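Participant: Submitted below is the structure of interest, expressed as structure tokens.
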Amino acid sequence: ISPEFNAVSEMSCTIRSEDNTENIYNAIAVKRQIYVQDKGYFIITDCNETDDETGNYKTLSLLSCEHELTYKKLNYFKGTYKFYGTFTDAEGKEQKGLLEQIMQSLPRWTIAHIDDSVAERYRTFDEPDTTLYAFLLEDCEEAYECIFDFDIINKEIYVYDKNNYIKPTTICLSREDVINSSNINTKVENIYTAISIYGEDDISINSINPLGTATLYNFSYY
């Protein structure tokens, strides 16, 4: 098992026919889930069966169960949404928060915790066709400045404010104690020098932006 935080964890194993009853061995197939005690549920993504002189066995590749969110498509998503809790939209209608609307398509998952600061935030989206998992871990995490943590044992979702989640400590990692080497890699696609800000009902920052446009620039990296 290769556990990952804020990403899908991986697992691989081999199951032999003589180690299980015949019914269990035959039931192993792609997209079924296996529960690993004290670790959680994993989805079988690849199953190769071998029959040789040592017997019959299946070699499995699995991903942690939040991977099932990649099977769900999120079609064109547009508008301004409060993250959690009811709110009134631009047309004066009462709506459920963004996460509550998403949870309607996830009957096997429940919300365990949301930081109050995240729940009260409003953000605007104009999102084309994407998967539910990509929308949560890419668009929502960036827009609402939050972190999603999936409990794959109880199938619960925790949402934390990323500004408060990491707490400073007195721990120091250096070459004198545990670090043998380090490697820092800067990816050019992660460097931004401009951000354009738009809102509904023609709301903009043009009148308060010295440039008179909806775009702010920051070239301090260079």
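Participant: It is to be established whether one or more residues within the stretch 25-38 are at pLDDT below 95, under 25 Å from residue 165 (Cβ atoms) and not polar (S, T, N, Q).
Facilitator: Looking for residues that are at pLDDT below 95, under 25 Å from residue 165 (Cβ atoms) and not polar (S, T, N, Q), one finds at least one in the stretch 25-38, hence yes.
Participant: What residue, of 144, 133, 122, is in contact (Cβ under 8 Å) with a residue 40 or more places away in the chain, open to solvent by 70 Å² or more (accessible area, probe 1.4 Å) and among the hydroxyl-bearing types (Ser, Thr, Tyr)?
Facilitator: 122
Participant: Quick one: in the stretch 165-179, which of the residues that are assigned to a loop (DSSP other than H, G, I, E, B) and under 30 Å from residue 116 (Cα atoms) is least open to solvent (accessible area, probe 1.4 Å)?
Facilitator: 169
Participant: Select from the stretch 81-109 the residues that are assigned to a loop (DSSP other than H, G, I, E, B), open to solvent by 40 Å² or more (accessible area, probe 1.4 Å) and of a type in the set (Asp, Glu) and list them in ascending order.
Facilitator: Result: 91, single match.
Participant: Would you point out the residue of the stretch 147-164, among those that are open to solvent by 40 Å² or more (accessible area, probe 1.4 Å) and not in a helix (DSSP H, G or I), that is farthest from residue 37 (Cα to Cα)?
Facilitator: 160
Participant: Here is a follow-up. Does residue 45 meet the test of being in contact with a strand residue (DSSP E or B) (Cβ under 9 Å, 6 or more places away or on another chain) and either under 23 Å from residue 136 (Cβ atoms) or among the basic types (Lys, Arg) (or both)?
Facilitator: So residue 45 passes the test.
Participant: For the stretch 186-222, what are the residues that are surrounded by 10 or more Cβ atoms within 10 Å (Cβ to Cβ), under 27 Å from the mean Cα position of the chain (by Cα) and of a type in the set (Ser, Thr, Tyr)?
Facilitator: 193, 196, 198
Participant: Keeping to the stretch 1-39, report how many residues are among the aliphatic types (A, V, I, L, M), closer than 27 Å to residue 137 by Cα and open to solvent by less than 60 Å² (accessible area, probe 1.4 Å).
Facilitator: 5
Participant: Looking at this structure, is residue 139 within 25 Å of the chain's Cα centre (by Cα), open to solvent by less than 90 Å² (accessible area, probe 1.4 Å) and of a type in the set (D, E, K, R)?
Facilitator: yes
Participant: Only residues that are among the β-branched types (Val, Ile, Thr) and assigned to a strand (DSSP E or B): list them for the stretch 31-65, please.
Facilitator: 34, 36, 43, 44, 45, 50, 59
Participant: Please list, ordered by first then second residue, the pairs with beta carbon atoms under 7 Å, 6 or more apart or interchain, first in the stretch 18-31 and farther than 19 Å from residue 62 by Cα, second at pLDDT below 85 and loosely packed, with under 11 Cβ neighbours inside 10 Å.
Facilitator: That search, which allows pairs on different chains as well, returns nothing.
Participant: I'm checking my understanding of the structure. Among residues of the stretch 40-80 that are surrounded by fewer than 19 Cβ atoms within 10 Å (Cβ to Cβ) and small (Gly, Ala, Ser), which one is farthest from residue 123 (Cα to Cα)?
Facilitator: 55
The values are calculated or read from the model by the stated rules, or taken from the named source; none is laboratory data. Since we're looking at a predicted model, the values are computed, not measured. Note that we place each Cβ from the backbone using ideal geometry, even for glycine, and neighbour counts take in every protein chain shown. For the accessible areas, the whole protein counts, side chains as well, though only heavy atoms, and no ligand, DNA or RNA atoms are used. Shrake-Rupley method; radii C 1.70, N 1.55, O 1.52, S 1.80 Å.
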